[in-house]
Structure formats: C-alpha cells, structure tokens
Amino acid sequence: GEEGLGLDFPKQGEVRTGVIACIGENEILVSIGTKSEGVISRREFDNFSDEEREMFQVGSEIPVYVLLPEDPNGNVVLSYLRAKEEQDWEKVTDLLESAEPIETAIIGFNKGGLLVPIGGLRGFVPASQVSLARRAAVSGETADQRWGKMVGEEINVRVIEVDRERRRLILSERLALAETRESLKDQLLEELKSGDIRSGRVTSIADFGAFVNIDGADGLIHLSEISWERINHPNEVLRVG
C-alpha cells in the first residue's frame, strides 16, 4: 500500500494546526494529520485562562507545538501554550520590521521602566523610551512612587528589539508617538491654506528669522515679516516659547 510514503511525521519544535479529537481526564487528544494523534497534558490545560478553556471544544482547530515526536508510550507530545508563544514571537518580529505602533496597556513596572503585554509576551519599556509627557507626571524616589499610578493606563508602543534566545522584548513609547506626530504634521500640511491665521509657539530663533511650531509642523517667519518696525534681530521682539 501507500504506507510510509510521504507521510510528514511531526518534528520537534514545529508548529502545526491540529483538531481537538477528545478531551479526557488526563490528556487532550489532538489530531494532527498523518494518521497520528498527539496529546496535550491535562496539567497544561489546567493552566489555561477561562477563555482558552471555553475555546477548547471537540472539533476546534488549534495551533500546537511539537514538544516530543514520540514519548515512551509512542505518543506525540504537544503544547498549545508553546504554539501560542511561537506565534507571539513571530508577531513581534513582524512588528519590529514594519515599525508599526501597537496599542496596549501598562500591566506593571520595575525600577527601570514599564511592563507592557503584546499577545502573551511581556515587553519592557525602559524609562528612557517612556514619552516625555508621561515622564513629566513622574515624581518620587521609588519605582512604586514613580510608575505605580500608571498601571492600567493605555499606551502606544513600537517594538524596537526582539531577542528570542534571551526572551527580551523591548518597546518604545516615544518612537510610537513620533509616528503619530509625523502623520499629524502631514494632516496639518494638507489642511493649511494661504491666508489662514493660526497660533504657534516659537521653538528657536536664528539671525534671519524665527521658527514657529503649529500643531507639530515647523514654520519659519522671515526677519522682514516679524515686525512693521525695522528690527536687526528677531530676539528684539520674540522669545523661545
């Protein structure tokens, strides 16, 4: 017959899609093609969140990670949690490449910064990568005084480092905000019309004029446009801020 021809036997470390065949007292049987069934231990099942348990129904498709192609009883040993984790690492690697900001929430902190989840992984936002606005609200000596009140707040972050071997996932709020600042600037430039009157803040002064920020976009007022009177330097009339 065709036995043994082209059967793709499970290999250790691979992620497959399986279908739950049976939920037993001690293990969960999962069909993974190749006429073989694998098992997820009951101990792992007991560690699931309520949502995950509800999702586990006979006939449900789930991702599974092959822990052992064959145990002493001849079973393929599988893990759902490891498969989810693999998928999460792939996701953050994609986010690192795309530089796309992602919305999440602060779940904790340590003395160096904030802890933020992405999928099932915990990412770290070092203090230097926390936005200036959020840092301005920080006071106190201990981590608890500095960061404690922020737990539960929403935060936009960008993935800036993924080191899977060392299980490091580093995030930046500042870079995520720079993205939105760019898009705000583009939006403003589309809206601005000749003849508009806007308020802006003087950000710096040069001999030839003053730079003014309007909602994220920098503009220049030439020396000759600063005053009806003749002046020799913009700082005769304007100050930064």
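At a 1.4 Å probe, what is the % contribution of carbon and sulfur to the accessible area of the chain? Ligands and nucleic acids excluded, carbon and sulfur reach 48 percent. Short-range pairs are left out: with C-alpha atoms under 8 Å and at least six residues apart, the relative contact order of the stretch 80-195 is 28 percent. Once the chain from residue 202 to residue 43 is taken as fully extended at 0.36 nm per residue, the excess over their C-alpha distance is 51.0 nm. For the stretch 1-109, the relative contact order works out to 25 percent when only alpha carbon pairs closer than 8 Å and six or more residues apart are counted.
The modelled label-to-label distance between residue 164 and residue 194, using points 7 Å beyond Cα along the C-beta direction, is 5.6 nm.
Note on surface exposure: 28, 214 rank 214, 28 by accessible area, highest first, 1.4 Å probe. Remark: spin-label model distance residue 153-residue 233 equals 4.0 nm, labels positioned 7 Å along the Cα→Cβ axis. Between residue 89 and residue 179, the simple label model (points 7 Å from Cα in the Cβ direction) yields a spacing of 2.3 nm. The value of relative contact order for the chain, using C-alpha pairs under 8 Å at least six residues apart, is 12 percent. Normalised per residue, the accessible area of the chain is 64 Å², obtained with a 1.4 Å probe and no contribution from ligands, DNA or RNA. May I ask for the angle, rounded to the nearest 10°, between helix 80-98 and the longest principal axis of the chain, with both axes built from Cα atoms and the value confined to 0 to 90°? Relative to the chain, helix 80-98 is tipped by roughly 30 degrees. Charges were assigned to the Cβ only: +1 to each Lys and Arg, -1 to each Asp and Glu. The resulting dipole of the stretch 177-241 about its Cα centre is roughly 220 debye.
The values are calculated or read from the model by the stated rules, or taken from the named source; none is laboratory data. No experiment lies behind these values; they were computed from the predicted model shown. Cβ atoms come from the backbone with ideal geometry, glycine included; neighbour counts cover every protein chain shown. Areas reflect the complete protein model, heavy atoms only, side chains present, ligands, DNA and RNA absent. Shrake-Rupley method; radii C 1.70, N 1.55, O 1.52, S 1.80 Å.
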